[in-house]
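The values are calculated or read from the model by the stated rules, or taken from the named source; none is laboratory data. Bear in mind the structure is a predicted one, so any value in this text is a computation, not a measurement. Cβ placement follows ideal geometry from the backbone for every residue including glycine, while neighbour counts extend to all protein chains displayed.
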Amino acid sequence: MALDYSIIGERIKKSRIEKKLTQENLAEKLNVSVAFVSRIERGSTQVNLKRLSQLCAILDIDEGTILNGTSMDSKNYLSDEFSNLLKDTSTETQRLIFDIARLIVKDAKKNKQHEL
């Protein structure tokens, strides 16, 4: 799966604004230029893992939220991913996926009850 740096940049920008930081503030904390922060937010430059980790620490947000839009700690962190996966499939394929998922959930519940 290829990363969409424009979406990642939008999430970083949203987090920065929520923290009431300017691009200048963020650039200073990262020890980079304002132009670099701007390119990250526009998605015109790639963010390496070290820089992503620094950004997340400063913005007090986990990497999963920046990369996927939701935290893996969130109960419904794959909802958007499932929706995107299903939107371009036929009704028959969606039904098949739903039936398989329902069987997996049913089996998981049964196994959990046996563990108790």
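If the condition is being loosely packed, with under 15 Cβ neighbours inside 10 Å and within 19 Å of the chain's Cα centre (by Cα), then the range 15-53 contributes Ile17, Glu18, Lys19, Arg42, Ser44, Gln46, Asn48, Leu49, Lys50, Ser53. Taking the numbered list (1) in a helix (DSSP H, G or I); (2) among the hydroxyl-bearing types (Ser, Thr, Tyr); (3) at pLDDT below 90 in turn, Tyr77 passes all entries but (1). Annotation note: of Val37, Val47, the sole residue that is within 18 Å of Ile61 (Cβ to Cβ) and in a loop (DSSP other than H, G, I, E, B) is Val47.
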